[in-house]
Amino acid sequence: MLSNRVRIAAGALTMTLLFTGNGISAQAVNLSSSLPVAGIGLSLDEGVSLKTVAHYNDSQVEIVEPISFPSPVVKELSEEDYSHLVIARVNDYVNVRSIPSEEGEIVGKLYDKSVGTFLEEEDGWYKIQSGNCTGYVKGEYCVTGEEANELAKEVGRRIATVTTQTLNVRKEANTDSSILGQVPIEEVLTVTEELDGWVQVKIEEGAGYVSLDYVTLSTEFVQAESREEEKARLAKEEAERQEALAASRRAREQAEAAVAAEQQTETAQAPAPVSGSGDLGQQVADYALQFVGNPYVYGGTSLTNGADCSGFVMSVYANFGVSLPHSASADRKKGTGVGNIDNAIPGDIVCYSGHVGIYIGDGKIVHASNSRTGIIVSNANYDTVIDVRRIF
């Protein structure tokens, strides 16, 4: 039977309890243009918004390279422990302060629907530990106790992480059922139902079932971001953005030089990236649209002969000098998170459960959908958007 224990996942932030003599205070603040994702927020001045934030034949070896990236550090809590959580309920975020007063130093930010562990209450302030941040948040902007116990079930995302090289997703919860689709190792999928020995997950082909022998289950909550983590993240994101821009310029210059040197030579494979004075993200979107109608191939990376969803995104961006992983889950860690689809601009990577696409504007994406439809244009909200990542 399934265990009645769940996990709190927060990127790579450990939920160790730190007791300090200092507290911190909190205040609700206004919306900014950047949004946090999975406990790692974006550019923060006074505030940001998170209005969006067993069987052998089911384990197959395919020509898919394992993706290596840090696994979330988790702390297990039994379900009754949800009442000991503190969950932010604000439009944007509440500041975490060093003492239970608005005069206290801001040591971090707890975003809307993000979670901390309740330590104590003092004068209407909750002392919490969340990620690497310990301090005080103003109680009026959070819930705890029974309210937190109910809200935690809504704001937490139950996920299954694939632990085998290639996992079959079946139409029914048994190995005699036909295969709906396949997912690679380290893929993170949204769980929609839990059964005895099986869970239902969402992939691009629809809802299907995977054996618990080949996945690990956890519950993902957004946690606080400390000031130090914010500074480090912003510096890293800016460095990656500048690197991507430089790589794109080099790729464009090389493509233009090749065209000038061989004006009469047709490109054997895909056309060169679109050049010109337009925005790079728009150029990415325009380039990607050239391949609509081409086939979907699981594990593929060819824009003409067949690619899967992450292979399509990877190969499109490769033509602009940017290296991305061949993994939908790993794409969620690249670039800068901008929250929900309302903030997307052309060229952004739109992330779903087990799937990614490229935003082209007007509420639409281009993506390698599935083996039945190939590379197509769809409404971005055809499924639940988990994240939107900006590369340039």
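Only the coordinates and a few stated rules stand behind these numbers; no lab work does. Quick caveat: nothing in here was measured; it's all calculated off a predicted structure. For neighbour counting, all protein chains shown are included, and Cβ atoms are generated from backbone atoms with ideal geometry for every residue, glycine included.
Return the distance in nm (one decimal) between the two label points of a simple spin-label model at E122 and Q290, each offset 7 Å from Cα along Cα→Cβ.
6.2 nm
Once phi is turned into θ = phi - 60°, what whole-Hz ³J(HN,Hα) does the Karplus curve with 6.51, -1.76 and 1.60 give for every residue of region 171-177, x standing for Gly and Pro?
5, 10, 7, 6, 6, 7, 6
What residues qualify as long-range amide H neighbours of T373, i.e. H under 5 Å apart, gap of 5 or more or another chain, H built at 1.01 Å from N?
none
In the structure displayed, which of K109/K236; K127/K231; K127/K153; K127/K202; K231/K333 lie more than 29 Å apart, Cα to Cα? Walk me through the numbers before you get to the answer.
Values: K109/K236 19 Å; K127/K231 23 Å; K127/K153 22 Å; K127/K202 37 Å; K231/K333 17 Å.
K127/K202, as the Cα separations exceed 29 Å there.
Out of residues 5 or more away from E122 or on other chains, whose amide H comes under 5 Å of its own, with H placed 1.01 Å from N in the peptide plane?
Answer set, sorted by chain and number: K127.
Which trypsin sites (Lys or Arg not before Pro) from region 348-391 combine a DSSP loop assignment with at most 12 other Cβ atoms within 10 Å?
Loop-located and lightly packed - R372.
Could you derive backbone 3J(HN,Hα) for region 224-234 from the dihedral phi with the Karplus parameters 6.51, -1.76 and 1.60 (θ = phi - 60°), listing whole Hz in sequence and x where the residue is Gly or Pro?
5, 10, 6, 4, 5, 5, 4, 4, 5, 5, 4
Show me, for region 298-308, the HN-Hα J-couplings you get by feeding each phi into the Karplus relation (A = 6.51, B = -1.76, C = 1.60, θ = phi - 60°), rounded to Hz, glycine and proline as x.
4, x, x, 9, 8, 5, 9, 9, x, 9, 8
Based on the alpha-carbon gyration tensor of region 90-234 and its eigenvalue square roots a ≥ b ≥ c, which shape applies: rounded if a/c is under 1.5, prolate if not and a/b is larger than b/c, or oblate?
prolate
Can you grab the distance from the C-alpha centre of region 297-327 to the C-alpha centre of region 113-175, Å, no decimals?
For region 297-327 versus region 113-175, the Cα centre distance is 34 Å.
Restricting attention to region 149-242, which chymotrypsin sites (Phe, Trp or Tyr not before Pro) occupy a DSSP loop and are surrounded by at most 10 other Cβ atoms within 10 Å?
Sparse-neighbourhood loop chymotrypsin sites (Phe, Trp or Tyr not before Pro): none present.
With the Cα gyration tensor of region 281-392 giving a ≥ b ≥ c as the square roots of its eigenvalues, does the rule (a/c under 1.5 for rounded; else a/b larger than b/c for prolate; else oblate) give rounded, prolate or oblate?
The shape class here is rounded.
Just to be sure I understand the model, the point goes 7 Å from the Cα along the line to the Cβ. What's the resulting Q242 to E228 distance in nm?
Distance between the two pseudo-spin positions: 2.4 nm.
Residue farthest toward the positive end of the dipole of region 124-221, with Cβ of Lys/Arg at +1 and Asp/Glu at -1: which of N168, N132, G145?
Checking the options against the dipole of region 124-221, the answer is N132.
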